[in-house]
1. Look at A:Glu112 and say whether it is over 18 Å from A:Met68 (Cβ atoms), acidic (Asp, Glu) and without any contact (Cβ under 8 Å) to a residue 12 or more places away in the chain.
2. Going by what's in this entry, would A:Asp59 be described as touching a residue at least 12 places away in the same chain (Cβ under 8 Å) and either within 14 Å of chain B (Cβ to nearest Cβ) or within 14 Å of DNA strand D (Cβ to nearest atom) (or both)?
3. Tally the residues that are out of contact with any Pro (no Cβ under 7 Å at 6 or more places or on another chain), farther than 25 Å from B:Glu62 by Cβ and within 11 Å of chain A (Cβ to nearest Cβ), restricting the search to segment B:113-151.
4. Go through segment B:87-109 and give me each residue that's of a type in the set (A, V, I, L, M) and touching a residue at least 12 places away in the same chain (Cβ under 8 Å).
5. Pick from segment A:1-40 the residues that are within 8 Å of DNA strand D (Cβ to nearest atom) and polar (S, T, N, Q): which of them is surrounded by the fewest Cβ atoms within 10 Å (Cβ to Cβ)?
6. Can you tell me which residue within segment A:152-182, out of those that are touching a Lys or Arg at 6+ places or on another chain (Cβ under 9 Å) and farther than 19 Å from A:Asn96 by Cβ, is farthest from the other protein chains (Cβ to nearest Cβ)?
7. Among all residue pairs at least 6 apart or on different chains, which show Cβ distances below 7 Å where the first residue, located in segment B:38-53, is within 14 Å of chain A (Cβ to nearest Cβ) and the second is near DNA strand C (Cβ under 8 Å from one of its atoms) and not in a loop (DSSP other than H, G, I, E, B)?
2 protein chains.
Amino acid sequence: MRTESRKEEIINAAAILFKEKGYSAVTMRDLARAMGIKAASLYNHIQSKQEILSTIIIDLAEEFTSGMNQIANSDQNTIDKLEKIIGLHIDVTLRNADGLASLNNDWMHLEEKNLLYFEKMRRDYEENFRQIVINGVHANEIKPYNIEIIVFSTLSTLRTLYLWYPNQNNIDANILKKDMMSVLLKGVC
Amino acid sequence: MRTESRKEEIINAAAILFKEKGYSAVTMRDLARAMGIKAASLYNHIQSKQEILSTIIIDLAEEFTSGMNQIANSDQNTIDKLEKIIGLHIDVTLRNADGLASLNNDWMHLEEKNLLYFEKMRRDYEENFRQIVINGVHANEIKPYNIEIIVFSTLSTLRTLYLWYPNQNNIDANILKKDMMSVLLKGVC
DNA sequence: TTACAAAACTAACAATTGTTAGTTTTAAAT
DNA sequence: ATTTAAAACTAACAATTGTTAGTTTTGTAA
């Protein structure tokens, strides 16, 4: 197993702290304390607090972008695509739940350039999702409810997984995927 | 129409700023600038930055608590109760979407006493919700999926309404309630 | 043992933070 | 016109912020 570099250790520790209190409330001295070193020592490994944030968020956003593009460009039916999207969110959540907190709550603290890049990726992701739902309605695979409400309610659940899943002990990822499909698509009553 | 006091104006302005950047990233000078006065002048109306945050969050949490208690103690069937809960979230979101951002993202910055009070209200709210779902399953009104997944996916959507609803121009509240019921309960395919 | 790079340290900085004290302005009631 | 309370102001504070400069320690390869 690949041992993580000191820089990666710092970024992971930062993600945990950012999850607990948000980017702005975490000081470099907090982060240093969590690493067992002094704040100035962090700068042997990272360039700035901002670099930590953008690494966490942009890496995750690119992961979602890449995953979504593959799914959207595939020739599966709507239900299969939605299943793949749910799987994507569950996989990313399992691998990096802490980072997802920053992506969801601290993206607005990215500096200009990365902020624009992030916002474009998020817009594109949502647009891909919306098109899949629209196609599903046209193909009679999805009920003709208000598109925006379907997109919003589904995405809001998937985006919030990071808050919930780490607290559920031993729900197997595959069982979760199956149940999440049922609840999100087939309804509960 | 009741004119709002200067203190209420400050709290409303603060809620908007907290929504945009989070509690920790908003300075008293930011807030003063938004009000068109100097930072020190704010203290003629409020006691502290912390008081602003706790007013925003605790008022909203008590509103949810009171609404949920009425619903949980009523003798309606499960579906009607869920409909009332959805209505509660939509009503609160319509009235104070900005404040809900703080409730969702900045509750951890409450000081000890209010933090414990808030966490208890949130626990009780969730437990009430869970019991309603459990009773619904027993009464065969709700499909016997994993309870935690039903509770999580529904609540995550309702909690995130504040991000989405203000951006939808003129979706009537009653239509939204009806569609949200359909999507959350009857499924989309 | 020496050499060297990685990674820690101490000390300090300029800027920003929430907040206080004391004073002046504004506007309505007498 | 005078009084009074509300609401603004200026000036300053002590603490905390992200970050830099320069130095010392640590561990590994030659």
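The values are calculated or read from the model by the stated rules, or taken from the named source; none is laboratory data. Worth saying up front: this structure is predicted, and the values here are computed from it rather than measured. No Cβ is skipped: glycine too gets one built from the backbone with ideal geometry, and neighbour counts run over all protein chains shown.
1. Numbers: over 18 Å from A:Met68 (Cβ atoms): yes; acidic (Asp, Glu): yes; without any contact (Cβ under 8 Å) to a residue 12 or more places away in the chain: yes.
Yes; evaluated as a whole, the condition is true for this residue.
2. Working: touching a residue at least 12 places away in the same chain (Cβ under 8 Å): yes; either within 14 Å of chain B (Cβ to nearest Cβ) or within 14 Å of DNA strand D (Cβ to nearest atom) (or both): no.
Taking the combined requirement at face value, the residue does not satisfy it.
3. The qualifying residues number 13.
4. If we filter segment B:87-109 for residues that are of a type in the set (A, V, I, L, M), which is where we start, we get B:88, B:90, B:92, B:94, B:97, B:100-101, B:103, B:108.
Residues satisfying the conditions are B:Leu88, B:Ile90, B:Val92, B:Leu94, B:Ala97, B:Leu100, B:Ala101, B:Leu103.
5. Top of the filtered list is A:Thr27.
6. In this case the residue turns out to be A:Ser182.
7. That search, which allows pairs on different chains as well, returns B:Lys49/B:Met28.
Listed here are the residues, each with its yes/no results for (1) touching a strand residue (DSSP E or B) at 6+ places or on another chain (Cβ under 7 Å); (2) buried (at least 18 other Cβ atoms within 10 Å of the Cβ); (3) within 19 Å of B:Ile149 (Cα to Cα); (4) of a type in the set (Phe, Trp, Tyr).
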| position | (1), (2), (3), (4) |
| --- | --- |
| A:Glu126 | no, no, no, no |
| A:Val133 | no, yes, no, no |
| A:Ile150 | no, yes, yes, no |
| A:Ser153 | no, yes, yes, no |
| A:Asp172 | no, no, yes, no |
| A:Val183 | no, yes, yes, no |
